[in-house]
Every structure is written in C-alpha cells, then in structure tokens.
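To start, the structure itself, in structure tokens.
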Amino acid sequence: MSSEMINAGAAGTWKLGDVTVNRVGFGAMRLTGSAAFDLGTPRDRECSIRVLRDAIELGVNHLDTAAFYFSSLRSANELINSALAPYPDDLVIATKVGPGRDPSGAWLPWATPEQLRGQVEENLRQLGRDHLDVVNLRVNGPDSIAEHFGVLADLCEAGLIRHLGVSNVSPGQFAEARGIAPVVCVQNRYGLDSRRPHSDALLQTCGELGIAFVPFFAIAAEGRERGAVSPDSSEVIAVAQAHGVTPAQVRLAWTLHQGPHVLAIPGTGDPDHLVENVAAGALRLTPDELNRIDALCDPLRDPLRPDAE
C-alpha cells in the first residue's frame, strides 16, 4: 500500500468527550532521542519535526505527550509546538501530569496535589496554548487519587483543561475518578505480551461506558521505554507474513481489534515507521488469526495487587 493511500482514519473514529479523533494516533515520547529519556543522544530535530508534520498529513489528529518527555536538547512539547502551531482545528493534544523531572533529567518525587497546577501550566507554556484538550493523571501506586483528581477537576472548571483522563489505574481508582468528574479515557499498559487482569477488566468496562481505552507499550511490551526487546512468536510472524506486513503492525492491529473504543498511540521518530504504524489501522485480522494470537496471551499477574511480584 502506497503512503498516499494510508490514513489514520482507516481504523475508524472515537469520541474523547465532545471531540472526535481517528483511532490511530501518535505518541510523542520517542521524538526526543534514540531511546526514551536518553540525555546523551538527541534525535535529529528536523527529522522529528518532519515526523510530526507527516503524521498530520496521514490523518493523525490525536497526539499524546508530556512535559517530562525530553532528552538532551530536545523536548517533545517544544517540537510539537514548533512543527504544528498554529494547530489544526481538529487536532487533540493529550498530555500527562503526575511524574516530573528536573532540568538534568533526574526524576522528581510524584507531584503533590498542590504541584499539579504548575505541571498543567508548564504544559500550556511549552505547547503555546491557553487550554489543554485532555490531561491524564498518571497514577503511581494503589492509593486514593481523589485529592489529585479533584485538583484537575477544579482546573477544568477554571478553563485550563477541557477533558480529563487517568493513566496506570486500577478499576477502583478509575471508579473513584469517575465519581469526581467525567473521564474520557483510560491509558493503561496493554499489549500481546503485557495483558494483566486489571487492564482486561478496565478495557471491558471502558467499552461498556463508552470511554476510550488507550494502551501504551502496545508494541514495546516488556521492553517498555527501551522499545521491543523480545522476539515475536512464530504465530505473530506467520500472520504478518500472510498479510505482507511487519510483526509490529500485527501487534497494533490486534490491539485495535479489542474494541471500537480502543485507540492506538504508537510512537516513533522514524518517518518510515510512522507510515507503517498508521497503515496498521487498515489491517483486518480474520477471526482465525485473532484466535491464534489470543491463544498466545497468558494474562500476567496484576502488579497493583499486594501479592504481585
């Protein structure tokens, strides 16, 4: 399939609150370096800007970013601002708060509720906007998120945020957030090699409620920020060969087949990989192929449970 025929709308659309996005989006984490959070190897700036502009040309209208996505000389938010401002009217930029890093790149303690407004304002400054489309509260651990989420709900009332989401949450934390303010999306780790009982439950609950489920590390799996590190199974490779695509594209397509409310946010700093990722939205797996791939999935122990490793 030529790049002229590839479009992020091929997988369909979903609504984040009152805005409609194509189900294949783009994650900005890998724009800044050869490896996520790598302070020693900044990615070529013009290449990163090209990737962002190409994404828009390919129909991507949902970007995922964060102020803490930076490496030596590169900031994902600054790149987005430089490449795309003034922003297209239909572009939805989602960001995250909770984690933070100092200028040297060292991780800071998780934000207190009082620090969240500062993190929101930092994203606004870097992106050059007067409001944020979606802010996800990135959760750290099993404790109550009521106070943190309540602060973000207040910032919605103040007009700094349009919609709220949650990330890395348990079903209980998700329910807690929904009791405070509307939630338009859940970002949890989910993929062929990283299914966990609580995320399976959340995926189903989100579908029942009409809320977007947005997996991260759908391709990287256990490699997380490092990228994919484990070899693909023979079944995934066989399905990829049958369709003339890559195993990474099969992984993305499998994720999108988990429900019409599932959104993909694959990240890359490589223009060719961008085209492959967007093209995966048009890949239609057969019921037999889905069954064969599902048979590979052995849900892992839930890391949020006390007895988890």
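The values are calculated or read from the model by the stated rules, or taken from the named source; none is laboratory data. It should be emphasised that the depicted structure is a prediction, and the values quoted were computed from it without experimental measurement. Quick reminder, even Gly has a Cβ in these numbers, built from the backbone with ideal geometry, and neighbours come from all protein chains shown.
Tell me, which residue of the range 67-97 that is among the hydrophobic types (A, V, I, L, M, F, W, C) and more than 26 Å from N7 (Cβ to Cβ) is surrounded by the fewest Cβ atoms within 10 Å (Cβ to Cβ)? Break it down into steps so the answer makes sense when it comes.
Of the residues in the range 67-97, the ones among the hydrophobic types (A, V, I, L, M, F, W, C) are 67-68, 70, 73, 76, 79-80, 83-85, 91-94, 97.
Filter again for more than 26 Å from N7 (Cβ to Cβ), leaving 67-68, 70, 73, 97.
Values: A67: 24, F68: 24, F70: 24, L73: 12, V97: 28.
Ranking the qualifying residues of the range 67-97, first place goes to L73.
S230 passes all but one of (1) polar (S, T, N, Q); (2) surrounded by fewer than 22 Cβ atoms within 10 Å (Cβ to Cβ); (3) modelled with pLDDT of 80 or more; which number fails?
(3)
Provide a single number: the residues in the range 18-33 that are more than 22 Å from R162 (Cβ to Cβ) and among the basic types (K, R).
Count: 1.
Name the residue, out of G100, G105, G17, G27, that is surrounded by fewer than 23 Cβ atoms within 10 Å (Cβ to Cβ), closer than 27 Å to H148 by Cα, modelled with pLDDT of 95 or more and in contact with a strand residue (DSSP E or B) (Cβ under 8 Å, 6 or more places away or on another chain). So that I can check it myself, show each step before the final result.
Values: G105 fails: modelled with pLDDT of 95 or more; G17 fails: modelled with pLDDT of 95 or more; G27 fails: surrounded by fewer than 23 Cβ atoms within 10 Å (Cβ to Cβ).
The match here is G100.
Would you mind telling me which numbered condition in (1) farther than 16 Å from R162 by Cα; (2) under 18 Å from the mean Cα position of the chain (by Cα); (3) surrounded by 17 or more Cβ atoms within 10 Å (Cβ to Cβ) D133 fails?
(1)
Report whether or not D89 is among the acidic types (D, E) and within 20 Å of the chain's Cα centre (by Cα). Working first, answer last.
Values: among the acidic types (D, E): yes; within 20 Å of the chain's Cα centre (by Cα): no.
Against the criterion (among the acidic types (D, E) and within 20 Å of the chain's Cα centre (by Cα)), D89 does not qualify.
When you scan the range 206-227, do you find a residue that is over 16 Å from L290 (Cβ atoms), of a type in the set (D, E) and at pLDDT below 95, even just one?
Yes: the range 206-227 contains one or more residues that are over 16 Å from L290 (Cβ atoms), of a type in the set (D, E) and at pLDDT below 95.
Among the candidates A238, A201, which residue alone is of a type outside the set (S, T, Y), under 16 Å from R284 (Cα atoms) and modelled with pLDDT under 95? Spell out how you get there, then give the answer.
On the way: A201 fails: under 16 Å from R284 (Cα atoms).
It is A238.
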